[in-house]
1. Let me confirm the definition first: pairs of Lys residues in the chain, 8 or more apart or on different chains, C-alpha distance under 29 Å. How many are there?
2. Obtain the nm distance between the two label points defined at SER185 and LYS82 by a simple spin-label model: each point lies 7 Å from its Cα along the Cα-to-C-beta direction.
3. How far is it, in nm, from the label point at GLU139 to the one at GLN59 when both lie 7 Å from their Cα along the line to the Cβ?
4. Using R₀ = 22 Å, calculate the FRET efficiency as 1/(1 + (r/R₀)^6) where r is the Cβ-Cβ separation of TRP99 and ASP5; round to 0.05.
5. Mind giving me the FRET efficiency for ASN51 and ARG150? R0 is 45 Å, r the Cβ-Cβ distance, nearest 0.05 is fine.
6. Using each residue's phi in the stretch 74-86, evaluate 6.51 cos²θ - 1.76 cosθ + 1.60 at θ = phi - 60° and report the 3J(HN,Hα) Karplus result to the nearest Hz, with x for Gly and Pro.
7. Give me the number: length gained by fully extending VAL164 to GLU110, i.e. 0.36 nm times residue separation minus the C-alpha to C-alpha distance, one decimal in nm.
8. Full-extension gain between THR178 and GLU71, please, as 0.36 nm times their residue separation minus the C-alpha to C-alpha distance.
Amino acid sequence: ILEIDPDRGTRGMTVTATGSGWLTGLTDFVTIEYERADNNDKATVAVTRPNQDGDIWAQFKVPGFAMTDEEISLLIGARDAKDNESLKSVFRVKLPRIWAEPDAAAPGEEVTVVGRGFMPLTMVQEVSIGDVPIVSPCEVVLTSGTGSFRVTGIVPGIMPGGHVVKARVTQPEESPITAPFTVTSGTAGDLTIKEGFKNINSLYPTVWSFD
């Protein structure tokens with residue numbers, strides 16, 4: 001018998017596997033492995049030895065493999081040195097997603113980008129609107145133990161219209177997680193050029209020239 005807890009989550013999450021009825025002995029080890037339902041890739045995630053009652057306990061992290069679908073299933077199973085096998089349990093891995101709160105605002109107004117399903121306890125590399133960061137790169141943000149984050153910043157001074165919110169944690173620059181965002185042309189109070197672009201002041205020097 002093999003059971004897993006939890007049975008769904010994100011890449012990098014810790015999963016606990018427990019079981020009973022396994023052979024006991026100094027050379028009787030149980031191997032726990034997964035098989036991806038989408039492409040049949042297999043890998044060992046833990047090896048443990050049953051106690052005197054034939055019970056097992058082990059923990060492993062969901063691997064950080066590449067994903068293109070919103071959800072994939074891992075078939076988690078165990079086998080011992082005598083090729084006894086457990087029934088497989090299903091662990092569902094969710095693709096990261098983000099959204100903005102609100103999803104429309106004017107330059108200079110506050111916006112919060114929320115992320116779910118990322119690698120836990122990992123630094124957030126990018127949160128931007130229209131390719132402009134909403135917070136200073138000096139502000140280090142880590143994902144939570146469940147792979148979520150909330151980053152509150154300022155809508156940059158970019159043209160009104162439809163734009164894309166981007167976030168990256170372990171994703172490469174060419175494959176960010178995205179969501180739609182609308183920059184409105186509403187009045188943003190006494191917004192100045194400096195305020196509209198204050199989130200990138202630390203990145204680029206301002207150069208003024210006069211004829």
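The values are calculated or read from the model by the stated rules, or taken from the named source; none is laboratory data. Because the structure is a prediction, the values reported are computed rather than measured. Note that each Cβ is placed from the backbone with ideal geometry, even for glycine, and that neighbours are counted across all protein chains shown. These accessible areas exclude ligands, DNA and RNA; they are computed on the full protein's heavy atoms, side chains included. Shrake-Rupley method; radii C 1.70, N 1.55, O 1.52, S 1.80 Å.
1. 11
2. So the two model labels end up 7.8 nm from each other.
3. 3.2 nm
4. 0.20
5. Approximately 0.60, to the nearest 0.05.
6. Values per residue, Gly and Pro as x: 10, 8, 9, x, 9, 8, 10, 5, 9, 6, 6, 10, 8 Hz.
7. Difference between extended and current length: 17.8 nm.
8. Taking 0.36 nm per residue and subtracting the Cα distance, the gain is 36.9 nm.
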